[in-house]
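Below: the structure, in C-alpha cells.
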Number of protein chains: 2
Amino acid sequence: MIKAVLFDTFGTIVDWRSSIAKESKELARSKGVNDFDGDAFARAWRAGYAPGMARVTAGKEAFVSIDFIHRQRLDEILPEFGLAMLDEDERTHLTLAWHRLDPWPDSLPGLTRIKSKFMISPLSNGSLMLLATMAKRAGIPWDFIFSSDMHRAFKRDPAVYQNAIRLLHLEPEQVMMAAAHNDDLAAARNEGIQTAYINRPTEYGIDQRVDFAATSDWTIIADSVEDLADQLGCPRMY
Amino acid sequence: MIKAVLFDTFGTIVDWRSSIAKESKELARSKGVNDFDGDAFARAWRAGYAPGMARVTAGKEAFVSIDFIHRQRLDEILPEFGLAMLDEDERTHLTLAWHRLDPWPDSLPGLTRIKSKFMISPLSNGSLMLLATMAKRAGIPWDFIFSSDMHRAFKRDPAVYQNAIRLLHLEPEQVMMAAAHNDDLAAARNEGIQTAYINRPTEYGIDQRVDFAATSDWTIIADSVEDLADQLGCPRMY
C-alpha cells in the first residue's frame, strides 16, 4: 500500500555531529587554533538550528533558507571557539559544511534496498542545494528531493507534510515518514502519514536529551535504515 | 559559471511519440482493434496538451496536474480510435503511459556526462510522480526534480523559471535551460537564464510545424544531449 518513503536527513540519514566536528577541526588546525573542540563546536552550532526555525514557524520572521540560519548561528559562535578571524569567504565555505555531511554506515545500503520497492525522498528542513549537494557527494540515491524551500515552511509545521502529500498525488496512508525524532513522526501521523522510527541514540552526543527510543507505537520501529528495509520487505541483494 | 542545467523532458529527453504509439498499439491489439494507427493516436493525444495548459496559464482554469490534462484528452479521442470500450482502470493505466516514456538514445549518455560537472534537473510540465517514475524506470540520473506541481504553473509562464531560480539560490546566469523548443528557451532567456537548443526535428513526426532548427542565437546550439555535453566541456569517459 505504501508508495513513497520520506526521510528526515539531519541525524536520521547523515551524522551531522561527527561531520561538522571533523571539518571544523581541520579548519581550526589550519588557523593555528590547536585547543579546538570540534564536537563541542558542532553541538553549539546545531543548538541554533531549532530556535532559528522556530522564529519562522511562529511567524516572527519571514521564511529564510536553512543556509541563512546556519550562517547566522556560525557568526554567533565563532568568537567563543577562537575563530573570529575567519573572513567572509571562509565563513561561506564553512557554512556549506552542512552540504557535505557523511551518511551513517547503514544509510546507503538501506536506502538502495528501499528504493527498489518504493519512491524515496528526503522530507527535510534542508535547502534544495544543500540536499542535492549532500546526495551527489555521498551517493544518496533519492528518486527526487523535497526541500523546505519548496514548502516555505519547516517541520513540524503541518504545511510541510500536507504539501508533500499534495505534490505526490497520494493518499496520506500511502506515504511513510521515517525519522529519528519522535516529534517529527507525531506531526506526520497527525496528517495521516505512516511512520517509521529509526533509532539514533548518539546523534547529539552528550547534548542528547530525547529520542533514545520510540515513544509511541509507530508503524515501524527500527534500529537502522537496513532494519527498516528488512521490515518493509525489501530484498537483500548481497 | 554555470552551476545547474535544467532540461525540458517531453521531446527533449524522451521520445513521447514512439513510446505512446507502441504502448497504445499493444493495448489496441489486445482489444482486437487491428487497424489501429499508434502514431496517429500519439499525435492526437499530444494535440490536447498545449490547449489544456493554455487554459490554466490564461487563468480560465485553476492549476491542474498534467496527468489530469492527459486523462481529459484521452477520453476525448478514444472513440475515434475504436477504443471507447476501455474501462476506468484501463484508462487510468493508459494515462500513466506518459510516466513510461523512453529516452532518446543520446539522452542517458549525455546526461551522465553533464551530471559529472553540473547539477541536472528536469524543468518540465510533468507532475512529480510522472517525472520520478519516468526517471526511475529508464535510469535518468537527475540530481533532483522540478515538477509543474511545485510551481503550480506551466511553462512558458515566467513564474516557472523565476521559481526555479529562487529555489536554486543561484543567479539566473548560473542556470542553463536546455530544450528542443525555441519558445521555451525564449521564455527562459527573458528571465536571464542561459539557453541550450537541442535539435529534435522528428519529435512530432508529420505534425511538426516548428523547431526544425534554432531560431535565435542561443548560448549553445546542439544536435543531441551528447553534443551539449561536448560543448559544455564535460569529459568523455568511454
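The values are calculated or read from the model by the stated rules, or taken from the named source; none is laboratory data. Just so it is clear, the model here is predicted, and its values are computed rather than measured. No Cβ is skipped: glycine too gets one built from the backbone with ideal geometry, and neighbour counts run over all protein chains shown.
Residues considered: A:38, A:11. Of these, the only one that is modelled with pLDDT of 95 or more and assigned by TED's automatic domain parsing to the domain that holds residue A:112 is A:11.
For the stretch B:52-66, a residue qualifies if it is touching a residue at least 60 places away in the same chain (Cβ under 8 Å) and more than 14 Å from chain A (Cβ to nearest Cβ), and the qualifying residues are B:53, B:56, B:57.
Checked against (1) more than 12 Å from residue B:13 (Cβ to Cβ); (2) touching a residue at least 12 places away in the same chain (Cβ under 8 Å); (3) within 13 Å of chain A (Cβ to nearest Cβ); (4) over 14 Å from the mean Cα position of the chain (by Cα), residue B:132 passes all but condition (4). Checking the stated criteria, residue B:70 turns out not to satisfy the condition of being surrounded by fewer than 16 Cβ atoms within 10 Å (Cβ to Cβ) and within 23 Å of the chain's Cα centre (by Cα). Pairs are defined by a Cβ separation below 8 Å, a sequence spacing of at least 6 or placement on different chains, a first member in the stretch A:212-238 that is at pLDDT below 95, and a second member that is assigned to a loop (DSSP other than H, G, I, E, B); the pairs so defined are A:235/A:116; A:237/A:116. Would you mind listing the helices (runs of 4 or more DSSP H) fully within the stretch A:85-186 where at least 1 residues are under 30 Å from residue A:29 (Cβ atoms) and among the basic types (Lys, Arg)? Of the helices (runs of 4 or more DSSP H) lying wholly inside the stretch A:85-186, those with at least 1 residues that are under 30 Å from residue A:29 (Cβ atoms) and among the basic types (Lys, Arg) span A:88-95, A:128-138. Does residue B:152 satisfy the condition of being surrounded by fewer than 24 Cβ atoms within 10 Å (Cβ to Cβ), at the interface with chain A (Cβ under 8 Å from one of its Cβ atoms), farther than 21 Å from residue A:115 by Cβ and out of contact with any Leu (no Cβ under 7 Å at 6 or more places or on another chain)? It is false that residue B:152 is surrounded by fewer than 24 Cβ atoms within 10 Å (Cβ to Cβ), at the interface with chain A (Cβ under 8 Å from one of its Cβ atoms), farther than 21 Å from residue A:115 by Cβ and out of contact with any Leu (no Cβ under 7 Å at 6 or more places or on another chain). For the stretch B:80-94, state whether one or more residues are within 14 Å of chain A (Cβ to nearest Cβ) and free of Cβ contacts under 8 Å to residues at least 24 places away in the same chain. So far as the stretch B:80-94 goes, yes, one or more of its residues are within 14 Å of chain A (Cβ to nearest Cβ) and free of Cβ contacts under 8 Å to residues at least 24 places away in the same chain. For the stretch B:198-215, the condition of being surrounded by fewer than 24 Cβ atoms within 10 Å (Cβ to Cβ), within 14 Å of another protein chain (Cβ to nearest Cβ) and more than 15 Å from the chain's Cα centre (by Cα) holds for none of the residues. Among B:188, B:138, which is the only one that is in contact (Cβ under 8 Å) with a residue 24 or more places away in the chain, more than 10 Å from every other protein chain (Cβ to nearest Cβ) and buried (at least 20 other Cβ atoms within 10 Å of the Cβ)? Exactly one residue qualifies, and that residue is B:188. Could we say that residue A:24 is more than 18 Å from the chain's Cα centre (by Cα) and crowded, with 21+ Cβ neighbours inside 10 Å here? So residue A:24 fits the description; yes. When you check residue B:41 against the structure, is it within 14 Å of another protein chain (Cβ to nearest Cβ), in contact (Cβ under 8 Å) with a residue 12 or more places away in the chain, surrounded by 13 or more Cβ atoms within 10 Å (Cβ to Cβ) and over 17 Å from the mean Cα position of the chain (by Cα), yes or no? No: the conditions fail for residue B:41.
Restricting A:107, A:24, A:30 to those that are of a type in the set (S, T, N, Q) and either touching a Cys at 6+ places or on another chain (Cβ under 6 Å) or in the same structural domain as residue A:208 (by TED's automatic domain parsing) (or both) reduces the list to A:107.
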